[in-house]
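Below: one structure, written as structure tokens.
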Amino acid sequence: MKKILMVTSEAVPFAKTGGLADVVSALSTELKKLGHDVRVLMPRYYHIDRTVLKKHDEALGIWLGRGEEWTAVYEGVLPESEVPVYFLDHERFFGRDGIYGHRADEGFKDNAARYSLLSRGAFQLCRMLHWTPDVVHCHDWPSAPACYLLKREEQDKGFKNTKGILTIHNIGYQGEFSLDDAVYLQPEIDMLNLSTLEFSGALNFLKAGIITADKITTVSPTYAEEIKRYDFGFGMDGLLNYRHEDLQGILNGIDYKDWNPETDKFIEPDNFSVNKISGKSAVKKKLQKEMGLPVNQKIPLVGIVTRLVDQKGIVELFRPGFGTMYSICKDMNVQFVILGSGESWCEEELNHLSAELPNLSVYIGYNNRLAHMIEAGADFFLMPSRYEPCGLNQIYSLSYGTLPIVRNTGGLADTVENYDQEKGTGTGFVFDDLRPDVIYNVMKWVVETWEERREDIRKMRKRAMKKRFSWEDSAREYLKLYGE
Ligand code: ADP
Ligand code: GLC
């Protein structure tokens, strides 16, 4: 049995901005099922209800460079599991709306202090619990400093046999701050520490993690290769090449408890399965109606659920005068339903497009029920990502027989098999270049296939629904790594 502490900024159902939250909870639950002692540590953000949590008597004193911060510890549990979740409660740092910032495109000014507190808190919590984990498993930049602290301080103070693992869910976000903020992690800066903490004149949390983690993983094998390249590495490619022997891609699974057309409570009573698929058109009908689109089974309905950020290909799709969505909707017999939030220019443009185009409908905001309706009711799901470490939405889509249309990158490449028109094989539509004309052409191909080769679509649907990306397989790979 292994003792594992997951240190994270997000975990469903408590806090989520993206797939990271799904992954931390599902992986922890699976590891627990396999008999391991897994615990999760995260901040108690303002919106997380304290009254349903248990408060520990002892508070943690966490040294944060310029002084000690006192945090209360609350405890809960991941739903339908026995995985304990510890919450650091600190009014000044976490008692406000928002996780990383009030808006998706703007981080809080004191994020360096907030997430240093989390990373340092990991070790203080273990002391309080008299529990020494075999592995401290960090996720992305917010908890990457825990790997640094383990190596540079804590291994000499009782964590001699503990190893640090860093999982990179997205290398585009690195936690870059003023070098003055290094004080939270490092009371005395010498050359060794500086060369670990600094990148391009700034403090860089992710870099510190990449250098000091015992093992580094990312969330698909293809992305593990891509981030070693200049065009995908966001400056970390050199370091990752240096550490290539310790870098591995482990594909995410999805939670089939939540994302399964047979049991999905959001589509009741129209649940469907590979052998009884009629419910799918019922959901399509409801979705068209709810979103104000012409109700018509014959028109292919394409879904998009996404954070509206550059990573997801929004410039090529939506940018006024350049993006291709307008032409696609004008020229083709197709409908789009789009759910997302993020960059303001894009939200505004989407509202314009939906006012002008009768076959495009938009919901700006976050809406889990609608996300489920779209996965279930759409015929296709478009994800033209610039880069995609893993991507969960295309895997959800496969499970609902909603054929993904994806760019050949990262986890999209590892999960979707391109349609072969000659053989009729594949589970979706895959294209190489992220250019408006390429997206236009692939959409044309999709619509033609829908109209002229419906039998192929039916077969692809079945094939897609039978695919399984289970957490058990991924969890076993992590366990192998912990073992090493
Ligand atoms: P990323 O983590 O890069 O955003 P993923 O595909 O891994 O991409 O995960 C995105 C997750 O967030 C999925 O569970 C998806 O359903 C959800 N999601 C994204 N945007 C929204 C939204 N506007 N409303 C509801 N769910 C959303
Ligand atoms: C990140 C990535 C996404 C991945 C998710 C979970 O948010 O952008 O591709 O699926 O993390 O690992």
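The values are calculated or read from the model by the stated rules, or taken from the named source; none is laboratory data. As the structure is a computational prediction, the values presented were derived from the model and not from experiment. Cβ atoms come from the backbone with ideal geometry, glycine included; neighbour counts cover every protein chain shown. Only protein heavy atoms, including side chains, enter the accessible area calculation; ligands, DNA and RNA are left aside. Shrake-Rupley method; radii C 1.70, N 1.55, O 1.52, S 1.80 Å.
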Taking the C-alpha atoms of the chain, convex hull volume expressed per residue in Å³: 146 Å³
Shape parameters for region 365-429, alpha-carbon atoms, Rg then Dmax in Å: 12.0, 41
Debye-sum result for region 124-240 in log10 I(q)/I(0), which assumes one identical scatterer on each alpha carbon, at q = 0.12, 0.14, 0.17 Å⁻¹: -0.43, -0.57, -0.83
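How high is the relative contact order of region 125-247, in percent, counting Cα pairs under 8 Å that sit 6 or more residues apart? All intermediate terms of the calculation are to be shown ahead of the outcome.
Working: 183 pairs, mean separation 31.9, N = 123.
This gives 26 percent for region 125-247.
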Anchor LYS423: lysines whose Cα lies under 30 Å away (excluding residues fewer than 8 positions away in-chain): LYS276, LYS280, LYS284, LYS298, LYS444, LYS459, LYS462, LYS466, LYS467
Viscosity 1.306 mPa s, temperature 10 °C, Stokes-Einstein D of region 265-466 from Kirkwood C-alpha radius, µm²/s: 96 µm²/s
Distance (nanometres) between label positions extended 7 Å along Cα→Cβ at LYS109 and ASP57: 4.1 nm
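Return the calculated 222 nm mean residue ellipticity for the chain, to the nearest 500 deg cm²/dmol, obtained by summing -39500 (n - 2.57) across DSSP H runs with n ≥ 4 and dividing by the residue count. Can you show the working numbers first?
Working: 19 runs with 181 residues, N = 484.
The helix-only estimate for the chain comes to -11000 deg cm²/dmol at 222 nm.
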Between helix 368-377 and the chain: long-axis angle, C-alpha atoms, 0 to 90°, nearest 10: 40 degrees
Residue-normalised accessible area of the chain, given per residue in Å² at a 1.4 Å probe: 41 Å²
Simple label model, 7 Å out from Cα along Cβ direction - LYS298 to LYS286, nm: 2.6 nm
Region 62-153 - percent of accessible surface contributed by carbon and sulfur, probe 1.4 Å: 49 percent
Spin-label pair LYS160/ALA202, simplified geometry with 7 Å Cα→Cβ offset, distance in nm: 4.0 nm
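Thinking of region 1-43 as a set of Cα atoms, what percent of all their pairs are more than 15 Å apart?
Working: 322 of 903 pairs.
More than 15 Å apart: 36 percent of the Cα pairs in region 1-43.
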For region 363-439 versus region 228-294, the gap between their alpha-carbon centres in whole angstrom: 8 Å
Isotropically averaged projected area of region 180-238, using the convex hull of Cα atoms (one quarter of hull area), nm²: 4.7 nm²
Radius of gyration, Dmax [region 232-307; alpha carbons; angstrom]: 20.2, 55
Computed E for SER273/ASN333 - FRET, C-beta separation, R0 22 angstrom, nearest 0.05: 0.15
Scaled radius of gyration (Cα, divided by 2.2 N^0.38 Å) that region 285-404 gives: 0.97
Percent breakdown of C-alpha pair distances by 10 Å bin, ordered from the shortest bin, for region 1-152: 11, 45, 37, 7, 0
Compactness index (Cα Rg / 2.2 N^0.38 Å), region 163-302: 1.61
Per-q log10 I(q)/I(0), region 22-97, q = 0.16, 0.22, 0.25 Å⁻¹ (Debye; single scatterer per alpha-carbon; no solvent): -0.65, -1.01, -1.14
Percent accessible area from carbon and sulfur atoms, region 265-466, protein chains only, probe 1.4 Å: 47 percent
For PHE431, distant residues with modelled amide H under 5 Å away: VAL406, ARG407, ASN408
